[in-house]
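Written below as structure tokens is the structure these notes are about.
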Amino acid sequence: MKRTIVAMPGDGIGKVVLPEAIRVLNAAGFEAEYVHGDIGWDFWIQEGNALPDRTIALLEKHKIGLFGAITSKPKDKAAEELDPKLRGKGFVYYSPIVGLRQRFDLDVCIRPCRSFPGNPLNFVRRSREGTLEEPKIDVVIFRQNTEGLYAGVEWTNPPDQVYQALMTHPKMKAFASAPREELAVSTRIFTKRACTRIVRAAFEHAKKFGYKSVTVCEKPNVIRETSGMMLKVGKEIAREYPGIVLWDTNIDAQMMWLTKNPEDYGVIVAGNMFGDIVSDGFAGLVGGLGFACSANLGETCAVFEPTHGSAPKYAELKPSIVNPIAMILSACMMLDHLGETARAERIRSAIGKVVEEGKVRTYDMMRLPGSAKALDQGAVSTERMTDAILDRLGG
């Protein structure tokens with residue numbers, strides 16, 4: 001069956017790497033029609049909406065999206081760049097990818113962090129004997145995508161009802177002397193339903209793919225209510241999976257341990273902010289954001305994206321120098337979701353062969369500064385990296 005995929009390049013290098021991923025999908029024999037979806041900074045400037053309703057309608061119809069990258073800027077900067085004709089009319093910038101997650105309840109975010117043998121960016125440490133060793137890392141982070149600090153329930157100069165409700169909490173006495181107009185408040189909201197869904201998804205993944213542990217990575221010793229809820233749900237669900245060990249770590253300690261014994265971890269589950277942090281930490285051990293892919297899954301819709309940003313300073317380079325692998329791996333996650341696992345594995349295998357051979361490397365893989373000069377120093381262009389993957393895909 002030929003599927004329809006909503007292709008949303010977005011901003012900056014998203015417009016570069018998304019077409020490369022589609023080239024690989026086509027070469028792997030995946031038959032699809034790609035319809036363009038408008039999203040990103042240009043549409044904020046021109047329309048006051050970085051996530052136009054027409055794009056939402058496309059996703060409502062087709063259910064699957066492949067997304068590149070977006071540019072997000074602080075509130076004041078966003079207001080400055082809005083078309084002058086739209087200023088003062090109540091337009092407020094919100095991250096469109098966060099908007100997509102909340103609009104379609106894409107509450108389960110999956111971020112695999114697996115090392116490719118031969119990648120010069122892989123984490124290396126000293127053994128007890130003083131020799132260098134490179135542990136194999138295969139960690140999958142399940143990040144709750146729609147709640148927590150990213151839910152957007154926050155105020156500067158909170159209104160009367162909010163302020164009065166906050167002041168009923170004994171801990172707010174410490175802020176009683178602060179002028180209300182100088183008070184900024186962000187809420188961290190967890191629900192048992194969302195905690196249950198993300199934790200169960202983590203355990204199901206561990207069961208399906210043979211991981212021996214699921215780690216709840218939160219901070220329940222300090223953030224007692226929200227992190228405490230996630231850990232409590234983890235303990236309840238763990239009873240249903242007797243072959244999988246439940247661990248719990250504090251986010252700060254986890255960030256230390258991930259460079260000490262990263263090979264010990266399998267599946268990690270966390271709330272929105274801590275999941276974002278720990279997934280970037282593990283991504284740094286397996287090659288950085290050039291290798292970091294993700295899936296955003298809801299019950300009726302799914303969007304797949306690399307976790308890197310739009311990197312506008314690289315977007316205009318001709319030829320492009322950015323690494324397309326994260327985008328291509330995100331497309332592989334889409335194939336997995338659609339039941340096209342054999343094609344996904346073929347592509348991953350081709351990427352693995354290119355990385356291991358070491359003949360074709362982008363500037364980040366060579367630890368070079370990101371500029372056009374990198375090509376003169378032996379780095380390859382974005383297109384050349386994709387070509388190498390295509391060569392191995394056919395061989």
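Rule-based calculations on the coordinates, nothing more; no lab input. Owing to the predicted nature of the structure, the values given are computational and were not obtained by experimental measurement. With ideal geometry, Cβ positions are generated from the backbone for all residues, glycine too; neighbour counts draw on all protein chains shown.
When the C-alpha to C-alpha distance is required to be over 28 Å, the pairs from Lys15/Lys373; Lys171/Lys192; Lys75/Lys232; Lys15/Lys61 that qualify are Lys75/Lys232.
Fully extending the segment from Glu47 to Ser186 would add 47.3 nm, taking 0.36 nm per residue of separation and subtracting the current Cα-Cα distance. For segment 177-247, the list of trypsin sites (Lys or Arg not before Pro) that fall in a loop by DSSP and count at most 14 other C-beta atoms within 10 angstrom reads Lys212, Arg224, Arg239.
Less than 16 Å apart at the alpha-carbon level, and either on another chain or at least 8 residues along: which aspartates and glutamates does that give for Lys85? In chain and number order, the partners are Asp42, Glu47.
In square nanometres, what is one fourth of the surface area of the convex hull spanned by the alpha carbons of the chain?
The orientation-averaged projected area of the Cα hull of the chain comes to 22.8 nm².
Here is the list for segment 209-290: GluC sites (Glu not before Pro) lying in DSSP coil, each with at most 14 other C-beta atoms within 10 angstrom of its C-beta, are Glu225, Glu240.
Less than 5 angstrom separates the built amide H of Val269 from those of Phe142, Thr215, Val216, Cys217, all sequence-distant by 5 or more or on a different chain.
List the pairs from Lys63/Lys313; Lys2/Lys208; Lys219/Lys313; Lys63/Lys260; Lys136/Lys219; Lys73/Lys359 whose alpha-carbon separation is above 30 Å, in the order I gave them.
Going by Cα-Cα distance, Lys63/Lys313; Lys219/Lys313; Lys63/Lys260; Lys73/Lys359 fall outside the 30 Å limit.
Coupling constants for segment 300-314 follow from the phi torsions by the Karplus curve (6.51 cos²θ - 1.76 cosθ + 1.60, θ = phi - 60°), and in residue order they are 10, 8, 8, 10, 10, 8, x, 8, 6, x, 7, 6, x, 5, 9 Hz; glycine and proline get x.
Panel order for His337, His169, His205, by other beta carbons found within 10 Å of each beta carbon, from fewest to most: His169, His337, His205. For segment 125-192, the list of GluC sites (Glu not before Pro) that fall in a loop by DSSP and count at most 13 other C-beta atoms within 10 angstrom reads Glu129.
Ordering Leu66, Leu183 from the fewest to the most neighbouring beta carbons within 10 Å gives Leu183, Leu66. Antiparallel beta bridges, as assigned by DSSP with both residues in the chain, represent about 45 percent of the total such bridges.
Working note: Karplus 6.51/-1.76/1.60 with θ = phi - 60° gives segment 118-135 the couplings x, 6, x, 8, 5, 5, 10, 9, 8, 7, 4, 7, x, 7, 7, 9, 10, x Hz, where Gly and Pro are set to x. Across segment 285-295, rounded Karplus estimates of 3J(HN,Hα) from the backbone phi angles (6.51 cos²θ - 1.76 cosθ + 1.60, θ = phi - 60°) give 7, 10, x, x, 5, x, 10, 9, 10, 7, 10 Hz, Gly and Pro being marked x. When the Cα positions of Gly287, Gly234, Pro74 are compared along the charge dipole of the chain, Gly234 comes out farthest toward the positive end, with charges on each C-beta of Lys, Arg, Asp and Glu.
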